[in-house]
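The values are calculated or read from the model by the stated rules, or taken from the named source; none is laboratory data. No experiment lies behind these values; they were computed from the predicted model shown. So basically every Cβ, Gly included, is an ideal-geometry build from the backbone, and we count neighbours across all protein chains shown. Areas reflect the complete protein model, heavy atoms only, side chains present, ligands, DNA and RNA absent. Shrake-Rupley method; radii C 1.70, N 1.55, O 1.52, S 1.80 Å.
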Amino acid sequence: MLVNIQNSNDTQSNKPSLKALFSLGFRPLYLSAALWSIISIILWIYVPASLKGPITASYWHAHEMLWGFVITIAVAFLLTASATWTGRNPAQGRTLMVIVLLWWVSRFLLLIPNDIAFKIGMVTEFSFFALSAYRLWSVVWSTKNKRNYILPFVLLVLAFLDLGYLYSVLNGDYIGVSRYLDFGFIGMAYIALLIARRVLPFFASRGANIEIPNHQKSGSLQLSLMVATFAASVLGLHVVAAGGVIATGLISIFQLSQWKPHKVVRIPLLWVLYISYFFLGIGLIFSGIYFLLSPSYAALVEAWGTQNNLAFMLSRPAFHLHIIGMGGFAVMIIGMLTRTSLGHTGQPLKADRWMVWMYICVLIAFVIRMAGLYPSNIILAFWHAAALFWIIAFGLFLYRFTPLLIKPRADRFRSKN
C-alpha cells in the first residue's frame, strides 16, 4: 500500500533543503498541520480572548480542528499515497508551495477581526482544497486508477461544506453551522474508514506477520452506508441517517475483531491504529444514537431531573463528536503521521520511545477531554490538562520528525554514498 517512493528529483545531499521539503505532500503539510494544531489549541484554551474575528471562539475551534487540522492531514496523506498508487507525484515543487501557502494564508485571514479578510480567507481555503482535489484527480484519472476516482470528489465535497460552514458563520446561521459540521464529520469519516480499512490489514500483515481478512465486501457496505447517511442527513431523514451510521459503526467493530487485535499489543505502530479504529466505530454508534434520540433528550433530562449530569452530557453533540474527532481521527492521525513519515523518509518501521509517548499523550488528552464533558467544578482544569497533553504529543512529533521531513530520504542518500 504505502511503499517507498523514489523521486528522481531528490537531491544527493543529506542536508535540509526546500527541494526535499516540497518533494511530497506529506512533508510540508504534516509539519504545518501539527504546528497549527498546537497554536490553535493554545489560542482556544489559554488565550480565547484573542479570538475576535467574525467567527466565535467555539465555532472557530470546531472549524480549525476539523478542516484546519484533520482534513488537512487527510489531504497530505492522499497527495502522498496517490504517488504510490499511480506512480505519479500529484504535487511537488512550486505547485506544492502554492498549496501550502494557500493553507497558511487561510489560517491567518480567518483570525483577523475583519469581514473582508474573512471572506478572502474563505476563498483561499476553498482554493487549497480545490487545488489539492484537482491535483489528486489528475493522477488517478491519467493512470486510470479507478479504485480511487471517488477520493477527489470527496475532497471537493468537503471543500464546499467548509465554504457552507464559514458562510453560515458569517451570516449568523448557527443551525446551518451545526449542520455543515455534522456533514463535514460524515465526509471525513468516509475517508478515514476507506483508508483505514485498506491500510490496517496491510500494515498488520507486514508488521505482525499475521494473515487477516481485508473485508472488501463489508468495507464497500460501510462506504455505501456512509453515503446513504450523508444523503439522509441532507434530506432531514434523521432516523434513516441514524440507522446508517450505527450500522457503519457496528461493521467497524466487527472488522476490528477479525483483525486479531491480541497479536499487535506489543507493536505500537499497530495498536495505536487499532485503538483509533475502535473509537471511530464507537463514536459513529454514539452519533447515531444521538440523532435517533435527540428529540427525546429534553424529556429525558426533565424526567431524570434537571441536575442529572449524565443526561446533560449525553444530550450534547460534543460527546459523540469528541469520541470521533479525538479518539478516532486524532489517534489515527498521530499513528499515521509517524508510520508514514518513517516509511517515506526511508527509516526503519519501528516506533521509538518518543513515538510511544506521542501515542500515550494523545490518548490521555482524549480521556481527559471526555471527562471534561461531564459537568463539574473542575471543567476548566480538565480542558487545560487535555490541551497540555495534546501540545506535548504534537510537539514531540515536530521535535522527532522535523529533521527527517526537511531532508532527502535516508535510504536514497545511503545508496548514493
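Worth a mention:
- Filtered residue count, the stretch 146-155, keeping only those that are at pLDDT 95 or above and open to solvent by 10 Å² or more (accessible area, probe 1.4 Å): 4
- Subset of the stretch 161-183 that is among the acidic types (Asp, Glu) and at pLDDT below 95 - its residue that is least open to solvent (accessible area, probe 1.4 Å): Asp182
- Enumeration of residues in the stretch 256-296 that are crowded, with 17+ Cβ neighbours inside 10 Å and among the hydroxyl-bearing types (Ser, Thr, Tyr): Tyr274, Ser276, Tyr277, Ser287, Tyr290
Yes/no matrix, rows are residues, columns are (1) of a type in the set (Asp, Glu); (2) exposed (fewer than 15 other Cβ atoms within 10 Å of the Cβ); (3) under 18 Å from the mean Cα position of the chain (by Cα); (4) not assigned by the TED database to the domain that holds Phe286:
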residue: Val362; (1), (2), (3), (4): no, no, yes, no
residue: Ile368; (1), (2), (3), (4): no, no, no, no
residue: Gly372; (1), (2), (3), (4): no, no, no, no
residue: Asn377; (1), (2), (3), (4): no, yes, no, no
residue: Ala381; (1), (2), (3), (4): no, yes, no, no
residue: Ala385; (1), (2), (3), (4): no, no, no, no
residue: Arg400; (1), (2), (3), (4): no, no, no, no
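- Condition check for Leu158: open to solvent by less than 60 Å² (accessible area, probe 1.4 Å), closer than 25 Å to Ala241 by Cα, part of a helix (DSSP H, G or I) and touching a His at 6+ places or on another chain (Cβ under 8 Å): no
- Taken as a whole, the structure leaves Gly283 outside the set of residues that are over 21 Å from Ala330 (Cα atoms), in contact with a helix residue (DSSP H, G or I) (Cβ under 9 Å, 6 or more places away or on another chain), in the same structural domain as Met336 (by the TED database) and in a helix (DSSP H, G or I).
Yes/no matrix, rows are residues, columns are (1) at pLDDT 95 or above; (2) open to solvent by less than 10 Å² (accessible area, probe 1.4 Å); (3) under 25 Å from His322 (Cβ atoms):
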{"site": "Ile41", "(1), (2), (3)": "yes, no, yes"}
{"site": "Thr56", "(1), (2), (3)": "no, no, yes"}
{"site": "His63", "(1), (2), (3)": "yes, yes, yes"}
{"site": "Thr72", "(1), (2), (3)": "yes, yes, yes"}
{"site": "Asn89", "(1), (2), (3)": "yes, no, no"}
{"site": "Val105", "(1), (2), (3)": "yes, no, no"}
{"site": "Leu109", "(1), (2), (3)": "yes, no, no"}
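- The single condition among (1) within 21 Å of the chain's Cα centre (by Cα); (2) at pLDDT 95 or above; (3) within 27 Å of Met65 (Cα to Cα); (4) of a type outside the set (D, E, K, R) that Gly219 does not satisfy is (2).
- Residue in the stretch 195-203 that is more than 19 Å from Phe77 (Cβ to Cβ), part of a helix (DSSP H, G or I) and either assigned by the TED database to the domain that holds Ile71 or open to solvent by 30 Å² or more (accessible area, probe 1.4 Å) (or both) present: no
- Some residue of the stretch 379-388 being in contact with a Lys or Arg (Cβ under 7 Å, 6 or more places away or on another chain) and not aromatic (Phe, Trp, Tyr): yes
- The set of residues in the stretch 215-255 being closer than 23 Å to Arg266 by Cβ and open to solvent by 40 Å² or more (accessible area, probe 1.4 Å) consists of Ile253 alone.
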